[in-house]
Amino acid sequence: MSHTLYQSCAVEYHGETDAVLQCIADQLQAEAQAAISNTHSWLLVLTGALVFFMQAGFAMLCAGCVRKKNVQNTMLKNLLDACGAALAWYVTGFAFAFGKPGSGDTSYIGSGSFLYMGDVDPAFWFFQYAFSATAVTIVAGTLAERCQMAAYLMYSLFLTGFVYPISARAIWSSYGFLSATQPNPLGGIGAIDFAGSGVVHTTGGMTALIAAKILGARKGRFYDAKGAPLAVPKDFPGHSVALQLMGTMVLWFGWYGFNPGSALLLGVENAGSIAALAAINTSLSAASGAITAIFTNLYLEERRTGDLSFSLTMAMNGLLSGLVAVTAPCATIEPWAACLIGMAAGWIYIGGSALLIKWKIDDAVDAIPVHLFSGVWGLIATGLFTSPARVSAAFGSSDHVGWFYSLGRGEADATLLANQLLAMLFFIGWPIGVMSPFFLWLNYMGWLRSDSLEELVGLDMSYHANALVAAPDDDIDMKALAELEERRHKKRLGQEGAP
């Protein structure tokens with residue numbers, strides 16, 4: 001206690017002992033609360049920075065998965081994700097997600113705090129911005145090597161400024177109709193998506209699926225030059241496995257901001273222990289997903305070809321699938337359940353990736369099975385494995401728990417599971433209803449897909465004047481490159497289209 005504090009209280013209360021002591025106690029308590037609030041803000045900024053650092057992971061992963069002739073274009077799109085998301089989140093995104101409603105306790109969209117106006121917590125704003133940028137980046141890899149720059153920027157702004165905020169509000173705002181923090185949550189518990197298996201990954205993954213279906217596959221992936229289906233789809237291996245692995249490890253590191261960092265938003269005294277549990281579950285699910293995917297693929301390949309093949313790609317994507325799946329229940333499950341969830345996520349990834357090929361949907365980085373399919377599994381797993389002790393510590397009630405625990409109680413209460421299924425349907429249906437017409441409109445306007453000549457040459461040579469000439473082994477159509485150069489020459493001379 002400082003001498004100045006004692007003097008100020010003594011002067012204010014004329015030396016009355018009880019009043020002076022109460023004054024000192026009140027001021028010390030106020031200082032302690034201010035220090036706690038300041039520390040909380042710092043931690044939100046630091047964990048938000050970890051989440052934002054995942055942008056570097058996505059950029060490396062996407063760049064490593066594409067051919068050399070598309071690296072610069074892919075990296076620029078990842079950069080534009082973060083830039084476009086910041087502006088859209090500032091103008092409308094935060095307001096739609098967390099702004100106060102016009103009236104009532106429940107609303108589907110906010111109507112205040114546009115342009116950072118009003119009473120806005122800056123640390124919370126930044127933390128949620130980092131999450132919104134992640135949702136947009138999920139789509140980047142799926143559309144790689146064939147999407148126009150203008151279309152990419154337009155959808156990034158639309159997704160962050162309108163579509164994603166509605167998903168976030170539904171379950172993370174106290175005004176959301178699925179929120180567990182509502183005064184009267186749905187079914188007495190609401191839906192639980194602790195760090196975004198549904199809000200971030202299912203929303204982003206569903207958007208990627210819609211876009212990939214409308215955009216179409218890369219040339220030569222499923223059909224030959226005459227449009228005839230290929231007996232075996234052609235693979236387009238990425239140019240750098242090292243970049244892919246570095247990106248995957250950066251993403252895993254960033255996930256410790258994603259999941260444990262979300263415990264800071266609970267407003268409970270034991271947030272630290274909840275964050276630690278989330279970190280443990282995140283680690284176990286990721287490891288289980290990677291091990292399951294690589295050895296399951298090893299078994300399938302051995303049965304199919306007779307050769308043993310350890311696939312790094314399977315391990316990396318299995319790991320990411322485990323991370324996505326545990327993002328929703330990371331704070332409400334026991335560690336053993338995280339292992340089971342990660343194992344199932346590894347199998348879901350393998351099955352989902354094969355299903356996309358069967359449907360002839362081209363996903364350059366397999367983001368759809370990783371984020372959409374595993375995100376859906378994460379929501380369902382929350383309704384199955386949520387522990388009474390863990391959900392009580394995080395949300396203050398254990399009346400409705402995971403279905404498996406409920407069966408153990410002899411109750412068969414499926415309230416939480418039903419709410420999770422409702423959340424799943426919302427996070428799938430909302431992007432379908434909004435993004436489908438949006439991408440169809442872009443496609444109708446001719447703004448979605450790159451010109452076929454540009455795609456054959458590579459988007460680096462097509463969109464970036466300073467692109468380096470690609471290596472001879474980079475699958476560049478030299479005839480198409482010559483045609484592109486001729487077109488540019490005519491355009492410079494003002495003779496575009498002349499005979």
Inset, instruction - Please list the non-local residues whose amide H lies under 5 Å from the amide H of Arg449, H modeled 1.01 Å from N, same-chain partners needing a gap of 5 or more. - result: Gln148
Inset, instruction - With a point put 7 Å past each Cα toward its Cβ, work out how far Cys83 is from Ser436 in nm, to one decimal. - result: 3.3 nm
Inset, instruction - Order by neighbour count: Ile36, Ile24, Ile432, Ile138, fewest other Cβ atoms within 10 Å first, most last. - result: Ile36, Ile432, Ile24, Ile138
Inset, instruction - Report the net charge of residues surrounding Leu323, where surrounding means a beta-carbon distance below 15 angstrom and charges are Lys +1, Arg +1, Asp -1, Glu -1. - result: -2
Inset, instruction - Tabulate in residue order the Karplus-calculated ³J(HN,Hα) for the range 382-396, using 6.51 cos²θ - 1.76 cosθ + 1.60 with θ = phi - 60°, rounded to whole Hz; enter x for Gly and Pro. - result: 4, x, 9, 10, 4, 8, x, 5, 6, 6, 5, 5, 8, 10, x
Legend entry - In the chain, lysine pairs closer than 17 Å at Cα, eight or more apart or cross-chain: 16
Legend entry - From the coordinates shown, semi-axes √(5λ) of the Cα gyration tensor in Å corresponds to which of (i) 45, 28, 21; (ii) 39, 27, 23; (iii) 95, 44, 16: (i)
Legend entry - For a label point 7 Å along the Cα-to-beta-carbon line of Phe404, residues of the range 363-393 with backbone N under 16 Å: 377-391
Legend entry - Residues His201, His14, His400, sorted so that the one with the fewest Cβ neighbours within 10 Å comes first: His14, His400, His201
Legend entry - Cα shape, the range 171-242, gyration tensor, a/c 1.5 rule: prolate
Legend entry - Ranked packing of 49-61, 163-175, most packed first, by mean Cβ within 10 Å: 163-175, 49-61
Legend entry - Net length gained if the chain between Lys234 and Ser397 were fully extended (0.36 nm per residue, minus Cα distance): 53.5 nm
Inset, instruction - Extending each Cα 7 Å along its Cβ direction at Leu422 and Ala354, get the distance between those two points in nm, one decimal. - result: 3.6 nm
Legend entry - Peptide ranges 68-79, 109-120 listed from the most packed, as the mean C-beta count within 10 angstrom indicates: 68-79, 109-120
Inset, instruction - Find how much the distance from Phe162 to Asn38 grows on full extension, using 0.36 nm per residue of separation minus their present alpha carbon separation; answer in nm with one decimal. - result: 41.6 nm
Legend entry - Gained length - Trp447 relative to Glu16, 0.36 nm times residue gap less alpha-carbon distance: 147.5 nm
Inset, instruction - Sort Trp336, Trp89, Trp403 so that the residue with the fewest other Cβ atoms within 10 Å of its own Cβ comes first and the one with the most comes last. - result: Trp336, Trp403, Trp89
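Read the figures in this text as sums done on the coordinates, not as results from a lab. Bear in mind the structure is a predicted one, so any value in this text is a computation, not a measurement. Positions of Cβ are generated from backbone atoms using ideal geometry, with glycine treated the same way; all protein chains shown enter the neighbour counts.
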